[in-house]
Amino acid sequence: MDEKKLKERKKRARAMLRVLRKTFGGRKARTALNYKTSWQLLVAVMLSAQCTDARVNEVTKTLFKKYKTINDYASALLSTFEKDIRQTGFYKNKAKHIIGAAKMIRDKFGGRVPRTMAELIQLPGVARKTANVVLSEAFGVIEGMAVDTHVRRFATRFNLSDSRDPKKIEQDLMNLLPKKDWPAFSNLLIDYGREICPARPHDCAKHPLTILYHKAASCWPLAK
C-alpha cells in the first residue's frame, strides 16, 4: 500500500469510527452475546459462526444451565451435546470443537481459558476472530481486531483493504486506527451491518457511512 492510499484510508477509517459512535449514541462497543465467564464467552463465540447472536443467546440460555463447568463440557457425550446446540447450525463440528477445547483447557491450561493469542488459537475451532473477541471482551487484552463477515464486507465496500482474506484485512485495519480503537471499530461495524446495512442488496445511499463515502453505494458486486 503506498503512502497516499494509506493516508486516505486512515482518514476514512477514523471518520467512519466517529460516525459509528455518533450513530449508536455512545453505545458501549461490545459483543451482543450473553455470558458470565470467559469460558461461556468462548463457547458463545464458537457457536456464533454462521449463526445469529440472537439464536446463540437462546441456545446458551439453556446450555449454560446444563453445563456449568469446563469439566462438564469436557465430559459431555458428543451425540448429546450435538443435540443441545443443533439450532446454531454446523452443530457437529461445533460440538467436536467445543468439547475438544474444554479438554485442552482442562488438561493443558489448568482449567483456565488462556489469555494470549498464541495459546487461544491452539484450541480446536478457535481462529484469530474468536480469540480477539475473547481477549478483548473477557480480559481487556487487545492483540488484534475481530474480522467477521460484516467487517470483511465493509472493509471491501469502504476501500479499507485490497484483500478478501480475513487475516490480511485484520492487518490492514490495524494499520489504520490506534490500538485502543480496534475493539470499538470492529464491534460497532458489526452492529452497523446487523441493524442498518445488512448483507442483502438494498439502497444504502442515505446510510450514515455511505454519506461519508458515496462510492460504497455501488459496491455490491464486491461485497458478496
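Every number here is computed from the coordinates shown, using simple stated rules; none is lab data. In this text the structure is predicted, and so the values were computed from the model without any measurement. Every residue, glycine among them, receives a Cβ derived from its backbone with ideal geometry; neighbour counts consider all protein chains shown.
Assorted remarks:
- Greater than 19 Å apart at Cα, pairs in Lys66/Lys108; Lys10/Lys168; Lys36/Lys65; Lys11/Lys215; Lys36/Lys96: Lys66/Lys108; Lys36/Lys96
- Going by neighbour counts of Cβ atoms within 10 Å, the residues Arg128, Arg9, Arg112, Arg30 line up, fewest first, as Arg112, Arg30, Arg128, Arg9.
- For a label point 7 Å along the Cα-to-beta-carbon line of Glu195, residues of the range 1-43 with backbone N under 14 Å: 19-33
- Calculated over the range 38-139: convex hull of Cα atoms, volume per residue (Å³): 84 Å³
- Cα-only radius of gyration and Dmax that characterise the range 109-224, units Å: 15.4, 52
- With the simple spin-label model, which puts each label point 7 Å out from Cα in the Cβ direction, the Thr69 to Ile211 separation comes to 5.4 nm.
- Annotation for the range 35-74: trypsin sites (Lys or Arg not before Pro) lying in DSSP loop with at most 14 further Cβ atoms inside 10 Å of their Cβ are Lys36, Lys68.
- Considering only Ala155, Thr210, Leu188, and ranking their Cα positions along the charge dipole of the chain that arises from unit charges at the beta-carbon of Lys, Arg, Asp and Glu, the one farthest toward the positive end is Thr210.
- Look at Leu189, Leu173 and count the other Cβ atoms within 10 Å of each Cβ; fewest to most, that gives Leu173, Leu189.
- Electrostatic dipole magnitude of the chain [Cβ: Lys, Arg +1; Asp, Glu -1; Cα centre; debye, to 20]: 340 debye
- 14 Å cut-off, amide nitrogen to a point 7 angstrom out along Thr62 Cα→Cβ, residues in the range 82-102: 82-89
- When the range 18-93 is described by a simple charge dipole with +1 on each Lys and Arg Cβ and -1 on each Asp and Glu Cβ, the residue from Thr60, Leu47, Tyr35 located farthest towards its positive end is Tyr35.
- Virtual paramagnetic centre 7 Å along Cα→Cβ of Asp165, amide N under 11 Å, in the range 117-154: none
- Span from the the range 1-40 Cα centroid across to the the range 67-109 one, whole angstrom: 31 Å
- Relative contact order for the range 38-139, counting Cα pairs under 8 Å that sit 6 or more residues apart, in percent: 31 percent
- The ranking of Ser136, Ser218 by Cβ neighbour count inside 10 Å, starting from the fewest, reads Ser218, Ser136.
- When only Cα pairs below 8 angstrom with a gap of at least 6 residues are kept, the chain shows a relative contact order of 22 percent.
- Over the chain, the hull volume per residue, using the convex hull of the C-alpha atoms, is 119 Å³.
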